[in-house]
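One structure is given here, and the rest of the page talks about it.
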Amino acid sequence: MARLGVNVDHVATLRQARGGHEPDPITAATLVELAGADGVVVHLREDRRHIQDRDLTLLKEIVHIQLNLEMAADEAVAKMALSIKPDMVTLVPERRQELTTEGGLAVVERKDRIHEMIQLLHDGGIPVSLFIDPDQQQVRAAHKIQADSIELHTGRYANTRNSKDQQTEFEALEQAAKLGYKLGLGVNAGHGLTYHNVQRLTKIPEILEFNIGHSIISRAIFTGLETAVRDMKALLNPLR
Ligand code: PXP
């Protein structure tokens, strides 16, 4: 049964647009949990553009499902992670100008730096996942530097506009997932997934968990958050 982690950054983005206190991502996390999600995901960015330190502290208190903290390989944010102790950390690349996380982490190219960060987080008892493109070399490098799991970047798959390109990207995800599984890594996937494109990926049994934000929060505007989460969960587990 595939697990669902819901990214609530998008709720915080709306709050920050007015600089006030609503909508509160803490309320969103509670509803996400009630609706049957398996985890809450937040990205604490260096520029604090959406999730704030206060959010992370409160989430750690109130979330009883998996709390997955996405962060750049940055010492200051790592310090925060080590004091809050989320259930897991996902290391992601981060550039200030981007609208959202664009490519996967360059593990092959930045092996030493990322390995150091994994060790620092492991010393604090926090399991680490690496957000990578579905590329065999990146999967092998993640395994080599002792990541616990990988999150395969599904952005290219999500952006395809015809079935031939989608097939190519699907195969890349399938092969990367199989290799990760064979090497003993936990395999998750996320980015750009929607109610229309996610179901095909559930045919890859090695993917344990999908992390989805924008599409669920967008739908929640019209259906309410609990319905949006339940509908996504049903797509991930069609036989239930
Ligand atoms: N996984 C990672 C590592 C991400 O950076 C993001 C975007 O915050 C997501 C999943 C969720 O992406 P989306 O909001 O497009 O569903």
Just the residues that are among the hydrophobic types (A, V, I, L, M, F, W, C), closer than 24 Å to residue 214 by Cα and within 15 Å of the ligand (Cβ to nearest atom), please, taken from the range 145-175.
150, 152, 158, 173
Here are the criteria: (1) out of contact with any Phe, Trp or Tyr (no Cβ under 9 Å at 6 or more places or on another chain); (2) within 16 Å of the ligand (Cβ to nearest atom); (3) without any contact (Cβ under 8 Å) to a residue 60 or more places away in the chain; (4) polar (S, T, N, Q). Tell me which single one residue 129 does not satisfy.
(3)
All-but-one check, residue 77 against (1) open to solvent by less than 30 Å² (accessible area, probe 1.4 Å); (2) aliphatic (A, V, I, L, M); (3) touching a residue at least 40 places away in the same chain (Cβ under 8 Å), failing number (3)
Criterion: over 20 Å from residue 189 (Cβ atoms), within 15 Å of the ligand (Cβ to nearest atom) and at pLDDT 95 or above - qualifying residue of 27, 13, 57:
13
Looking only at the range 142-154, count every residue that is open to solvent by 10 Å² or more (accessible area, probe 1.4 Å) and either part of a helix (DSSP H, G or I) or of a type in the set (Lys, Arg) (or both) and tell me the total.
2
Would the range 46-63 turn up any residue that is in contact (Cβ under 8 Å) with a residue 24 or more places away in the chain and closer than 18 Å to residue 155 by Cα?
no
Give the number of residues within the range 213-233 that are touching an Asp or Glu at 6+ places or on another chain (Cβ under 8 Å), touching a residue at least 24 places away in the same chain (Cβ under 8 Å) and part of a helix (DSSP H, G or I).
1
Taking the residues in the range 60-72 that are hydrophobic (A, V, I, L, M, F, W, C) and within 13 Å of the ligand (Cβ to nearest atom) as candidates, determine which candidate is farthest from residue 92 (Cα to Cα).
69
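Which of the residues spanning the range 173-212 are among the small types (Gly, Ala, Ser), in contact (Cβ under 8 Å) with a residue 40 or more places away in the chain and crowded, with 23+ Cβ neighbours inside 10 Å?
176, 177, 180, 190
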What about residue 128, is it in contact with a His (Cβ under 8 Å, 6 or more places away or on another chain) and over 16 Å from residue 191 (Cβ atoms)?
yes
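The values are calculated or read from the model by the stated rules, or taken from the named source; none is laboratory data. Please read these numbers as outputs of a predicted model, since none were measured by experiment. Glycine gets a Cβ as well: all are built from the backbone with ideal geometry, and neighbour counts include every protein chain shown. The area values use the complete protein model at the heavy-atom level, side chains included, leaving out ligands, DNA and RNA. Shrake-Rupley method; radii C 1.70, N 1.55, O 1.52, S 1.80 Å.
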